[in-house]
1. Among ASN63, ASN72, which is in contact with a Gly (Cβ under 6 Å, 6 or more places away or on another chain) and at pLDDT 85 or above?
2. Look at GLU84 and say whether it is touching a Gly at 6+ places or on another chain (Cβ under 6 Å), charged (D, E, K, R) and modelled with pLDDT of 90 or more.
3. Taking segment 105-131 as the region of interest, how many residues are part of a strand (DSSP E or B) and out of contact with any strand residue (DSSP E or B) (no Cβ under 8 Å at 6 or more places or on another chain)?
4. Residue by residue through segment 10-30, note down the ones that are at pLDDT below 90 and touching a strand residue (DSSP E or B) at 6+ places or on another chain (Cβ under 6 Å).
5. If you go through segment 94-113 one residue at a time, do you hit one that is within 18 Å of the chain's Cα centre (by Cα) and at pLDDT 90 or above?
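The values are calculated or read from the model by the stated rules, or taken from the named source; none is laboratory data. Keep in mind it's a predicted model, so treat the numbers as computed, not measured. Please note: Cβ atoms are built from the backbone with ideal geometry, for glycine as well, and neighbour counts cover all protein chains shown.
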Amino acid sequence: MLKNESYQVGTIVKTHNLKGEVMMSFDVDNPAEYSQIDTFFLDIKGKLVPHFVQKMQMVANQNAIIKFEDINTIEFAKKIVRAEVYLPLEILPEEELEEGEFYLHQILDYQVIDVEKGTLGKITNIYEGDLQDLFGMTYQEKEVLIPVVDAFIVEILHNEKIIKMNLPNGLIELYLEENNSPKDEEIPNAGFLEAKD
(Lines give C-alpha, C1' and ligand atoms only; values in the text may rest on other atoms or scores of the structure.)
Protein backbone atom coordinates (compact mmCIF):
# COMPACT_ATOMS: atom_id res chain seq x y z
CA MET A 1 0.00 0.00 0.00
CA LEU A 2 1.23 3.48 -0.89
CA LYS A 3 0.90 6.60 1.25
CA ASN A 4 -1.37 8.27 -1.31
CA GLU A 5 -3.74 5.32 -0.81
CA SER A 6 -3.79 5.75 2.95
CA TYR A 7 -4.23 8.24 5.77
CA GLN A 8 -2.34 8.65 9.03
CA VAL A 9 -4.20 7.71 12.20
CA GLY A 10 -1.45 8.08 14.77
CA THR A 11 2.12 7.46 15.91
CA ILE A 12 3.84 4.86 18.07
CA VAL A 13 5.11 7.01 20.93
CA LYS A 14 6.82 4.58 23.33
CA THR A 15 7.20 1.02 24.53
CA HIS A 16 4.82 -0.13 27.27
CA ASN A 17 6.40 -3.15 28.96
CA LEU A 18 9.02 -5.83 28.48
CA LYS A 19 6.74 -8.08 26.41
CA GLY A 20 6.69 -5.97 23.25
CA GLU A 21 3.61 -3.82 23.81
CA VAL A 22 3.69 -0.22 22.63
CA MET A 23 1.74 2.96 23.25
CA MET A 24 0.07 4.47 20.19
CA SER A 25 -1.16 8.06 20.14
CA PHE A 26 -4.18 8.51 17.85
CA ASP A 27 -4.50 11.64 15.73
CA VAL A 28 -8.18 11.24 14.89
CA ASP A 29 -11.40 12.70 16.23
CA ASN A 30 -12.77 9.46 17.67
CA PRO A 31 -10.16 6.79 18.49
CA ALA A 32 -12.87 4.39 19.71
CA GLU A 33 -13.88 3.88 16.07
CA TYR A 34 -10.55 2.10 15.56
CA SER A 35 -10.71 -0.26 18.53
CA GLN A 36 -11.55 -3.28 16.34
CA ILE A 37 -8.87 -2.72 13.68
CA ASP A 38 -6.83 -5.91 13.22
CA THR A 39 -4.05 -4.53 10.99
CA PHE A 40 -2.19 -1.22 11.05
CA PHE A 41 0.42 -0.12 8.51
CA LEU A 42 3.59 1.34 10.01
CA ASP A 43 5.96 3.60 8.12
CA ILE A 44 9.25 1.71 8.32
CA LYS A 45 12.01 3.54 6.44
CA GLY A 46 9.52 5.05 4.02
CA LYS A 47 7.55 1.87 3.32
CA LEU A 48 4.17 0.98 4.80
CA VAL A 49 4.54 -2.40 6.49
CA PRO A 50 1.47 -4.26 7.83
CA HIS A 51 1.52 -5.12 11.53
CA PHE A 52 -1.19 -7.44 12.83
CA VAL A 53 -2.87 -6.57 16.13
CA GLN A 54 -2.86 -9.31 18.76
CA LYS A 55 -4.66 -7.14 21.31
CA MET A 56 -5.44 -3.47 21.81
CA GLN A 57 -6.63 -1.57 24.84
CA MET A 58 -7.91 1.99 24.53
CA VAL A 59 -6.65 4.26 27.31
CA ALA A 60 -6.97 7.95 28.15
CA ASN A 61 -5.84 10.95 26.12
CA GLN A 62 -6.25 9.55 22.59
CA ASN A 63 -3.92 6.63 23.34
CA ALA A 64 -4.02 2.86 23.05
CA ILE A 65 -1.78 0.06 24.28
CA ILE A 66 -1.16 -2.35 21.40
CA LYS A 67 0.45 -5.77 21.21
CA PHE A 68 1.44 -6.64 17.66
CA GLU A 69 1.98 -10.22 16.55
CA ASP A 70 5.66 -11.19 16.22
CA ILE A 71 6.81 -8.32 18.45
CA ASN A 72 7.47 -10.07 21.73
CA THR A 73 10.36 -8.19 23.34
CA ILE A 74 11.09 -4.61 24.29
CA GLU A 75 14.08 -4.69 21.93
CA PHE A 76 11.81 -5.32 18.93
CA ALA A 77 9.24 -2.82 20.22
CA LYS A 78 11.87 -0.08 20.41
CA LYS A 79 12.43 -0.44 16.66
CA ILE A 80 8.91 0.83 15.87
CA VAL A 81 8.82 3.71 18.36
CA ARG A 82 8.14 7.01 16.52
CA ALA A 83 6.78 5.12 13.50
CA GLU A 84 3.76 6.78 11.86
CA VAL A 85 0.66 4.58 11.67
CA TYR A 86 -1.59 4.43 8.59
CA LEU A 87 -4.79 2.80 7.34
CA PRO A 88 -6.23 2.40 3.81
CA LEU A 89 -8.42 5.25 2.61
CA GLU A 90 -11.30 2.88 1.84
CA ILE A 91 -11.89 2.22 5.54
CA LEU A 92 -12.00 5.91 6.44
CA PRO A 93 -15.02 6.30 8.75
CA GLU A 94 -17.98 7.82 6.99
CA GLU A 95 -18.73 11.22 8.41
CA GLU A 96 -21.11 13.93 7.33
CA LEU A 97 -18.79 16.80 6.48
CA GLU A 98 -20.25 20.26 6.70
CA GLU A 99 -20.03 22.61 3.74
CA GLY A 100 -16.45 23.74 3.22
CA GLU A 101 -14.94 20.91 5.30
CA PHE A 102 -12.54 18.38 3.82
CA TYR A 103 -10.01 15.73 4.68
CA LEU A 104 -6.44 16.82 4.00
CA HIS A 105 -5.74 13.74 1.87
CA GLN A 106 -8.62 14.68 -0.45
CA ILE A 107 -6.74 17.72 -1.73
CA LEU A 108 -3.76 15.80 -3.12
CA ASP A 109 -3.40 16.43 -6.88
CA TYR A 110 -5.90 19.31 -6.76
CA GLN A 111 -5.12 22.28 -8.98
CA VAL A 112 -4.58 25.52 -7.08
CA ILE A 113 -6.20 28.59 -8.61
CA ASP A 114 -5.46 31.91 -6.94
CA VAL A 115 -8.16 34.59 -7.21
CA GLU A 116 -5.63 37.11 -8.55
CA LYS A 117 -2.74 35.10 -10.00
CA GLY A 118 -4.85 32.44 -11.70
CA THR A 119 -3.75 28.82 -12.08
CA LEU A 120 -0.60 28.09 -10.09
CA GLY A 121 0.12 24.38 -9.68
CA LYS A 122 -0.93 21.12 -8.08
CA ILE A 123 -0.95 20.04 -4.47
CA THR A 124 1.65 17.26 -4.44
CA ASN A 125 2.28 16.85 -0.70
CA ILE A 126 0.47 17.21 2.60
CA TYR A 127 2.46 18.04 5.72
CA GLU A 128 0.63 17.56 9.00
CA GLY A 129 2.09 19.37 12.01
CA ASP A 130 1.20 19.93 15.64
CA LEU A 131 0.77 23.67 15.12
CA GLN A 132 0.20 24.05 11.38
CA ASP A 133 -0.79 21.79 8.48
CA LEU A 134 0.70 22.66 5.10
CA PHE A 135 -0.08 22.01 1.45
CA GLY A 136 3.01 21.37 -0.68
CA MET A 137 2.31 22.87 -4.12
CA THR A 138 4.61 22.44 -7.12
CA TYR A 139 5.05 25.81 -8.84
CA GLN A 140 7.70 26.56 -11.49
CA GLU A 141 9.53 23.36 -10.50
CA LYS A 142 9.74 24.44 -6.87
CA GLU A 143 7.72 23.40 -3.85
CA VAL A 144 5.68 26.16 -2.25
CA LEU A 145 4.36 25.48 1.26
CA ILE A 146 0.88 26.87 1.83
CA PRO A 147 -0.53 27.02 5.37
CA VAL A 148 -3.91 25.29 5.59
CA VAL A 149 -5.85 28.31 6.81
CA ASP A 150 -9.58 28.87 6.31
CA ALA A 151 -8.95 32.50 5.35
CA PHE A 152 -6.86 31.37 2.35
CA ILE A 153 -9.42 28.88 1.00
CA VAL A 154 -12.13 30.40 -1.17
CA GLU A 155 -13.81 27.31 -2.66
CA ILE A 156 -13.14 23.61 -3.19
CA LEU A 157 -14.53 21.95 -6.32
CA HIS A 158 -14.15 18.24 -5.67
CA ASN A 159 -15.55 17.10 -9.01
CA GLU A 160 -13.06 19.25 -10.93
CA LYS A 161 -10.23 18.64 -8.40
CA ILE A 162 -9.73 22.38 -7.98
CA ILE A 163 -9.05 24.43 -4.87
CA LYS A 164 -9.55 28.17 -5.23
CA MET A 165 -7.41 30.20 -2.86
CA ASN A 166 -6.75 33.78 -1.82
CA LEU A 167 -3.05 33.50 -1.08
CA PRO A 168 -1.21 36.13 0.95
CA ASN A 169 0.98 38.64 -0.84
CA GLY A 170 4.60 37.55 -0.95
CA LEU A 171 4.06 33.86 -0.25
CA ILE A 172 4.81 32.60 -3.78
CA GLU A 173 7.64 35.08 -4.29
CA LEU A 174 9.32 33.88 -1.09
CA TYR A 175 9.98 30.53 -2.72
CA LEU A 176 11.00 31.89 -6.12
CA GLU A 177 13.93 33.94 -4.88
CA GLU A 178 17.19 32.45 -6.13
CA ASN A 179 18.95 30.16 -3.63
CA ASN A 180 16.10 30.69 -1.19
CA SER A 181 14.82 27.57 0.54
CA PRO A 182 12.86 28.50 3.67
CA LYS A 183 13.61 26.52 6.77
CA ASP A 184 10.80 25.09 8.88
CA GLU A 185 10.89 28.02 11.27
CA GLU A 186 10.63 30.44 8.35
CA ILE A 187 7.52 28.90 6.80
CA PRO A 188 4.87 31.60 6.68
CA ASN A 189 1.59 31.10 8.45
CA ALA A 190 -1.50 33.05 9.25
CA GLY A 191 0.25 34.73 12.15
CA PHE A 192 2.35 37.06 10.07
CA LEU A 193 0.98 36.94 6.54
CA GLU A 194 -2.38 38.36 5.64
CA ALA A 195 -4.55 37.28 2.75
CA LYS A 196 -5.44 39.83 0.12
CA ASP A 197 -8.72 41.66 0.50
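1. ASN72
2. Criteria not met by GLU84.
3. Total satisfying the criteria: 1.
4. Selection gives ASP27, VAL28.
5. yes
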